[in-house]
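Here is the structure we will look at, set down as structure tokens.
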Amino acid sequence: MPTDAFLESRQMGDRVRCLSGHTFADRPTAVIHRGQELHVVEILDRWQIPDARCFRVRVDDDAIFELCYEEMSDEWQIVKL
């Protein structure tokens, strides 16, 4: 059964809620950006780079975010596009 987790990003207070199955951070489900929780309504793209899993997502206010989970630092990079 997938587990739900929050991980901090390097940006103060920004976080990602994600589901984890056979690997950690399989699927982002929400972004907490500037104190507001935004639910992921669509994963537009996903890719892997060395030491990171990345996602481009659309959230419930139609904003687009690029989220990259860096395994070595155990942190998310969160960029609002």
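Readers should treat all values here as calculations from the given coordinates under stated rules, not as data from a laboratory. These numbers were taken from a predicted model, which means no experiment stands behind them. Neighbour counts are summed over all protein chains in view; Cβ atoms, including those assigned to glycine, are modelled from backbone coordinates with ideal geometry.
A few notes on this one:
- For C54, net neighbour charge (Lys/Arg +1, Asp/Glu -1) across residues whose Cβ lies under 12 Å away: -2
- Restricting attention to the chain, close to 95% of DSSP beta bridges with both partner residues there are antiparallel.
- For the chain, Cys with no neighbouring Cys Cβ under 4.7 Å: C18
- Point-to-point label distance, L19-D60, nm (Cα→Cβ direction, 7 Å offset): 1.6
- Chain lengthening between W47 and E71 when straightened (0.36 nm per residue, less Cα-Cα): 7.2 nm
- Cα coordinate range in the chain, projected on the principal axes (Å, largest first): 29, 25, 23
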